[in-house]
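Asks: Input: one structure, supplied below.
The values are calculated or read from the model by the stated rules, or taken from the named source; none is laboratory data. As the structure is a computational prediction, the values presented were derived from the model and not from experiment. Cβ coordinates were reconstructed from backbone atoms using ideal geometry, including for glycine residues, and neighbour counts include every protein chain displayed.
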Amino acid sequence: MNKKHRLNVLYTNIGRGHPYYLDGIIESIRKKHVDRIEISVTDVFEISNGISQLLWRLVRWLYRAGSQSGIIGKLYNIIRKGRNPNQSGLLEKLLARDIRKYINKDKCPTLVAHPILVPMLSDSVDVYYQHGEIAIPDEAIVQKAGTVFIPLEGFKGKFTKAGLPEKNIVVTGLCVEPELAAKSKEYYENRLSRIKNGHSLCGGFFSSGAEPIQHIKKIIPAVSSLSKSDGAAFIYCKKDGRLEREAKKLPNSRVIDNINELENINNLVESNIISIITYRNRIEENNCTLKTFKYLDYFMAPSHERTNWAIGLGLPMFILFPIIGTFSPLNREFMLKRGVAVDLYTNQKAAGFSDLLSRLASDGTLLKMSQNGYGKYDTNGFKTIADYLKGKLE
């Protein structure tokens with residue numbers, strides 16, 4: 001009988017981006033290596049108590065409040081940019097107190113996706129740090145992880161210049177949902193056909209977990225403008241959140257609270273319906289994405305997440321402004337250089353989105369955006385990481 005090897009997976013569960021990457025790794029391990037790897041999953045809120053938990057709640061509040069831009073947003077960005085990811089002050093030690101107690105109980109190798117956790121754990125256990133985004137701001141450059149997973153070869157230097165040995169860096173390829181990666185060619189070719197033949201186009205509209213007001217003020221008029229071009233739209237909304245409340249005011253819209261009960265999604269697209277697709281958690285959100293992705297011809301979202309769709313799957317992106325956080329501007333720069341994204345930086349531009357989309361479709365730009373973003377990079381990052389961990393833990 002094969003021996004199972006233990007792996008701790010520690011979430012911060014703040015925002016969507018970092019937790020999403022851990023979700024994908026766990027899914028890939030359980031699909032392929034469940035007989036060899038036993039996974040213990042927890043998060044910082046479950047294992048923290050007292051002052052430690054209060055501080056983690058404060059961090060989560062700062063993330064949500066900071067994502068709304070304004071004074072708090074500027075303060076949050078200053079704090080993030082000024083933090084050294086390789087040093088632990090009093091605040092980090094208090095945040096780490098109960099986490100270290102938990103980890104030290106069994107000393108198992110531990111997988112994390114947030115750089116703040118790496119120095120908290122690296123002197124106790126082997127730490128695997130998953131850095132899934134293309135963007136590598138200074139706050140993400142850790143020196144003490146046993147292994148760092150990054151998507152692209154060209155970004156190794158960011159870590160080696162900071163002192164991390166090159167042997168500790170594993171290039172994985174882009175971490176794209178496995179179901180989407182497997183069908184990427186089919187979806188891409190169908191998308192090209194629709195764009196080339198002048199079909200009505202269907203867009204996906206996403207906010208972030210914090211649902212910044214300024215982003216919603218662009219999403220709603222952009223979707224509303226589509227009535228001019230008879231285009232369909234999927235708006236992906238947190239149940240009872242700010243985006244859902246505003247989206248319900250749109251004419252010709254339909255709320256879909258359980259996408260699994262929807263018999264024919266294609267009818268919504270052909271009827272140019274504005275579909276308000278709600279979810280309650282990341283699992284439901286991912287399910288909604290997987291069931292509707294094949295119909296998407298472009299998407300609109302902040303540039304701190306989902307960017308792998310634009311550079312790996314050939315789905316043209318419209319970037320919501322203002323740019324919030326430290327990841328967004330670097331991701332944006334990478335996408336603009338590769339011609340896979342267009343800025344949506346003013347409310348006026350959002351109100352005229354239908355005209356912009358029609359122009360980009362008719363002059364060949366939208367087609368080129370899709371072509372620029374397909375086939376350039378490996379998109380099996382989650383599988384690569386799962387296979388690597390299986391080999392290392394044995």
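Asks: Considering only segment 374-383, I want to know if a residue exists there that is closer than 30 Å to Ile169 by Cα, assigned to a helix (DSSP H, G or I) and touching a strand residue (DSSP E or B) at 6+ places or on another chain (Cβ under 6 Å).
Replies: Initially, segment 374-383 is screened for residues closer than 30 Å to Ile169 by Cα, giving 374-383.
If we keep only those that are assigned to a helix (DSSP H, G or I) as well, we get 381-383.
Going one step further and asking which of them are touching a strand residue (DSSP E or B) at 6+ places or on another chain (Cβ under 6 Å), we end up with 381-382.
Checked against the condition, which is being closer than 30 Å to Ile169 by Cα, assigned to a helix (DSSP H, G or I) and touching a strand residue (DSSP E or B) at 6+ places or on another chain (Cβ under 6 Å), segment 374-383 yields at least one hit.
Asks: Out of all the residues in segment 234-253, which are over 20 Å from the mean Cα position of the chain (by Cα), more than 24 Å from Gly325 (Cβ to Cβ) and not basic (Lys, Arg)?
Replies: Across segment 234-253, the qualifying residues are Asp240, Leu250, Pro251, Asn252, Ser253.
Asks: Working only within segment 362-394, note down all residues that are of a type in the set (A, V, I, L, M, F, W, C) and touching a Phe, Trp or Tyr at 6+ places or on another chain (Cβ under 9 Å). Show your work before the answer.
Replies: Taking segment 362-394 first, the residues of a type in the set (A, V, I, L, M, F, W, C) are 366-367, 369, 382, 385-386, 389, 393.
Listed by number, the residues that qualify are Leu366, Met369, Phe382, Ile385, Leu389.
Asks: Please verify whether Ile283 is outside any strand (DSSP E or B), of a type outside the set (Phe, Trp, Tyr) and closer than 21 Å to Ala210 by Cα, treating the condition exactly as stated. Before the answer, list the steps.
Replies: On the way: outside any strand (DSSP E or B): yes; of a type outside the set (Phe, Trp, Tyr): yes; closer than 21 Å to Ala210 by Cα: yes.
When the stated conditions are applied, Ile283 passes them.
Asks: Here's another thing I want to ask about it. For Ala386, state whether it is over 26 Å from Leu192 (Cβ atoms) and over 18 Å from the mean Cα position of the chain (by Cα). Even if it seems obvious, please write down each step before you answer.
Replies: Values: over 26 Å from Leu192 (Cβ atoms): yes; over 18 Å from the mean Cα position of the chain (by Cα): yes.
Judged against the criteria, Ala386 is a match.
Asks: Quick check on this structure: which one of Ile72, Ile25 is β-branched (Val, Ile, Thr) and either surrounded by fewer than 18 Cβ atoms within 10 Å (Cβ to Cβ) or at pLDDT below 95 (or both)?
Replies: Values: Ile25 fails: either surrounded by fewer than 18 Cβ atoms within 10 Å (Cβ to Cβ) or at pLDDT below 95 (or both).
Being β-branched (Val, Ile, Thr) and either surrounded by fewer than 18 Cβ atoms within 10 Å (Cβ to Cβ) or at pLDDT below 95 (or both) holds for just one of Ile72, Ile25, which is Ile72.
Asks: Right, something else. Quick check: is even one residue across segment 224-232 under 26 Å from Ser358 (Cβ atoms), modelled with pLDDT under 90 and in a helix (DSSP H, G or I)?
Replies: There is at least one residue in segment 224-232 that is under 26 Å from Ser358 (Cβ atoms), modelled with pLDDT under 90 and in a helix (DSSP H, G or I).
Asks: Conditions first: (1) in contact (Cβ under 8 Å) with a residue 24 or more places away in the chain; (2) over 30 Å from Glu153 (Cα atoms); (3) charged (D, E, K, R). Arg254 passes all but one, so which condition is the exception?
Replies: For Arg254, the failing item is (1).
A quick yes/no check of all residues on (1) assigned by TED's automatic domain parsing to the domain that holds Arg16; (2) buried (at least 22 other Cβ atoms within 10 Å of the Cβ):
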{"residue": "Val127", "(1), (2)": "yes, yes"}
{"residue": "Gln143", "(1), (2)": "yes, no"}
{"residue": "Thr147", "(1), (2)": "yes, no"}
{"residue": "Pro151", "(1), (2)": "yes, yes"}
{"residue": "Lys161", "(1), (2)": "yes, no"}
{"residue": "Asn168", "(1), (2)": "yes, no"}
{"residue": "Asn190", "(1), (2)": "no, no"}
{"residue": "Cys202", "(1), (2)": "no, yes"}
{"residue": "Glu211", "(1), (2)": "no, no"}
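Asks: Follow-up question, since we're still on this one. So which of Leu356, Leu313, Leu336, Leu366 ends up being under 23 Å from His215 (Cβ atoms), hydrophobic (A, V, I, L, M, F, W, C) and surrounded by fewer than 16 Cβ atoms within 10 Å (Cβ to Cβ)? Spell out how you get there, then give the answer.
Replies: Details: Leu356 fails: surrounded by fewer than 16 Cβ atoms within 10 Å (Cβ to Cβ); Leu313 fails: surrounded by fewer than 16 Cβ atoms within 10 Å (Cβ to Cβ); Leu366 fails: surrounded by fewer than 16 Cβ atoms within 10 Å (Cβ to Cβ).
None of the others qualify; the one that does is Leu336.
Asks: I need the full set of residues from segment 34-48 which are closer than 22 Å to Asn286 by Cα and either assigned to a helix (DSSP H, G or I) or modelled with pLDDT under 95 (or both), in order please.
Replies: Result: Val34, single match.
Asks: Further, regarding this structure: Do you know which of the residues in segment 316-367 that are modelled with pLDDT of 95 or more and of a type in the set (Val, Ile, Thr) is nearest to Glu305 (Cα to Cα)?
Replies: If we take residues in segment 316-367 being modelled with pLDDT of 95 or more and of a type in the set (Val, Ile, Thr), then Ile319 is nearest to Glu305 (Cα to Cα).
Asks: Scan segment 35-64 for residues that are surrounded by fewer than 16 Cβ atoms within 10 Å (Cβ to Cβ) and over 25 Å from Ile25 (Cα atoms) and report the count.
Replies: Qualifying residue count for the region: 7.
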